[in-house]
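Only one structure is covered here, and it is reproduced in the block below.
The values are calculated or read from the model by the stated rules, or taken from the named source; none is laboratory data. Please read these numbers as outputs of a predicted model, since none were measured by experiment. Glycine gets a Cβ as well: all are built from the backbone with ideal geometry, and neighbour counts include every protein chain shown. Heads up: the accessible areas ignore ligands, DNA and RNA and are worked out on the full protein's heavy atoms, side chains in. Shrake-Rupley method; radii C 1.70, N 1.55, O 1.52, S 1.80 Å.
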Amino acid sequence: MARVQLENITKKFGAVTAVNNVSLEIPDKQFTVLVGPSGCGKTTALRLIAGLEEASAGDIYIGERRVNDVPPKDRDIAMVFQNYALYPHMTVYDNMAFGLRLRKYPKSEIDRRVKEAAEMLGIGGLLARKPKQLSGGQRQRVALGRAIVREPKVFLMDEPLSNLDAKLRVQTRAEIKKLHARLRTTTVYVTHDQVEAMTMGDRIVVMKDGLVQQVDTPLNLYEKPANLFVAGFIGSPAMNFIDASITEVGGTFRLNADGFQVEVSRELAGAVKPWAGKKVVFGIRPEDIADRALASNANPAWTIRALVDVHEPLGSDVILYLTAGSHSFVARVDAHTQAKMGQTIEVVFDMRKMHLFNSETQEAVL
């Protein structure tokens, strides 16, 4: 087991910069997730760590060893791919044992490792089968098993759940987390799914256009996003963004948008004061907006009227797509709401949980 460190890593493909001067330290035993939209550079960063791509600039360390010039087979890493990459003519046992045989491990050691990994993954009864006789979830477990038997310093996982159906994805997600808790091997996991990232990562690296936007715990990414991109990418449904301005009247600050006005929470008045008279982007998460009819002790100064455009019941709650003035936004409200499409209702913003962004730099200011 070992830490992984990237120092000013850049990777260019011709005129395209896939990874742009990225510095990142992944501590020993940590489960770190690289997340971002397609084309953000997360898979390229993973392939650089694996040695499948050569860095254009910068240094890569696994443990204390600089590995820029070390071939993949000698980096003591194991990689799990999106497409499983199993040998179709081999049994599960042989697929899992193949890498160990190439490294000339004794038969008894290979047998021990394969059977231990198979039991750990619940595929002990499938060792004699071939990949075509397995379901997608079982194939993914075999791919994980093949990585586990290596007992590497670092696991690298490139969107390993993307080919599974929704239910199996959730189940396998939990299994990988339990596996990590048991093995405590440093793991770098790539996904475009922010729910996967939030539920699995000890720490999350959010990337965009080859740049690291923020590195933090799941809770801090959710509560304290560094900029508009992170705020909009983390959370489902995404955070609402509304162009607004701040005014001060008699020591009370108000947030003014086209079509409505709400008062800033007293607790946040000090933080908002420097932005009085300036244009800002107001951010509020859908779960921080409530149906006024169901909210007890709702603050009238945080209440606005909005038109219900779409009503989406989810069982445990309801997603409302709303319009107020020229602004459209989304609210996640209690399942007992009586709001109907085409109806105008009152909704309450929890202004204690508001976010504020600089409209020019897009950086968070609150």
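Restricting attention to the stretch 70-120, the residues being acidic (Asp, Glu) and under 28 Å from Val33 (Cβ atoms) number 4.
Residue-wise test of (1) farther than 26 Å from Leu164 by Cα; (2) not hydrophobic (A, V, I, L, M, F, W, C).
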residue	(1), (2)
Ile60	yes, no
Val92	no, no
Leu102	yes, no
Tyr105	yes, yes
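Considering only the stretch 292-324, state which residues are assigned to a loop (DSSP other than H, G, I, E, B) and either of a type in the set (Phe, Trp, Tyr) or surrounded by 14 or more Cβ atoms within 10 Å (Cβ to Cβ) (or both). Ala295, Ala298, Asn299 - these are the residues of the stretch 292-324 that are assigned to a loop (DSSP other than H, G, I, E, B) and either of a type in the set (Phe, Trp, Tyr) or surrounded by 14 or more Cβ atoms within 10 Å (Cβ to Cβ) (or both). Among residues that are among the hydroxyl-bearing types (Ser, Thr, Tyr) and under 28 Å from Gly232 (Cα atoms), Thr32 is included. At least 1 residues being crowded, with 22+ Cβ neighbours inside 10 Å and not hydrophobic (A, V, I, L, M, F, W, C) is the threshold, and among the helices (runs of 4 or more DSSP H) wholly inside the stretch 89-186 those reaching it are 92-102, 136-148.
Taking the listed residues Val308, Val333, Val318, the one that is touching a helix residue (DSSP H, G or I) at 6+ places or on another chain (Cβ under 8 Å) and at pLDDT 95 or above is Val333, with no other qualifying.
If you go through the stretch 258-279 one residue at a time, do you hit one that is under 29 Å from Lys42 (Cα atoms), modelled with pLDDT of 95 or more and either open to solvent by less than 30 Å² (accessible area, probe 1.4 Å) or aromatic (Phe, Trp, Tyr) (or both)? Within the stretch 258-279, not a single residue is under 29 Å from Lys42 (Cα atoms), modelled with pLDDT of 95 or more and either open to solvent by less than 30 Å² (accessible area, probe 1.4 Å) or aromatic (Phe, Trp, Tyr) (or both). Filtering the stretch 43-75 to residues that are of a type outside the set (Gly, Ala, Ser) and in contact with a Ser or Thr (Cβ under 8 Å, 6 or more places away or on another chain) leaves only Glu53. Counting only strands (runs of 3 or more DSSP E) wholly contained in the stretch 1-75, the ones carrying 1 or more residues that are open to solvent by less than 10 Å² (accessible area, probe 1.4 Å) and not aliphatic (A, V, I, L, M) occupy 31-35. Applying a threshold of 7 Å to beta carbon distances and a minimum spacing of six or more residues, or different chains, the list of pairs starting in the stretch 180-204 at a residue that is more than 18 Å from Gly63 (Cα to Cα) and touching a residue at least 12 places away in the same chain (Cβ under 8 Å) and ending at one that is aromatic (Phe, Trp, Tyr) and open to solvent by 10 Å² or more (accessible area, probe 1.4 Å) reads Gln194/Phe233.
Residues of the stretch 55-70 that are within 27 Å of the chain's Cα centre (by Cα) and either more than 21 Å from Lys12 (Cβ to Cβ) or not aliphatic (A, V, I, L, M) (or both): Ser56, Gly58, Asp59, Tyr61, Ile62, Gly63. Within the stretch 68-108, the set of residues being in contact with a Pro (Cβ under 6 Å, 6 or more places away or on another chain) and either among the hydrophobic types (A, V, I, L, M, F, W, C) or within 19 Å of Gly124 (Cα to Cα) (or both) comprises Ile77, Ala78, Val80, Leu86, Pro88.
Picking from residues in the stretch 325-335 that are touching a residue at least 60 places away in the same chain (Cβ under 8 Å) and not in a strand (DSSP E or B), the one that is farthest from the chain's Cα centre (by Cα) is Gly325. Is at least one residue of the stretch 209-232 charged (D, E, K, R) and either closer than 30 Å to Ser56 by Cα or crowded, with 20+ Cβ neighbours inside 10 Å (or both)? Yes: the stretch 209-232 contains one or more residues that are charged (D, E, K, R) and either closer than 30 Å to Ser56 by Cα or crowded, with 20+ Cβ neighbours inside 10 Å (or both). For the stretch 336-354, give me each residue that is assigned to a loop (DSSP other than H, G, I, E, B), open to solvent by 40 Å² or more (accessible area, probe 1.4 Å) and either polar (S, T, N, Q) or touching a strand residue (DSSP E or B) at 6+ places or on another chain (Cβ under 6 Å) (or both). Across the stretch 336-354, the qualifying residues are Gln338, Met341, Gln343.
The rows are residues; the columns are (1) on the phi > 0 side of the Ramachandran plot; (2) among the aliphatic types (A, V, I, L, M).
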site	(1), (2)
Gly277	yes, no
Phe282	no, no
Arg292	no, no
Asn299	no, no
Val318	no, yes
Ser326	no, no
Val333	no, yes
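Restricting Pro225, Pro237 to residues that are more than 30 Å from Asp28 (Cβ to Cβ) and in contact with a helix residue (DSSP H, G or I) (Cβ under 6 Å, 6 or more places away or on another chain) narrows the list to Pro237.
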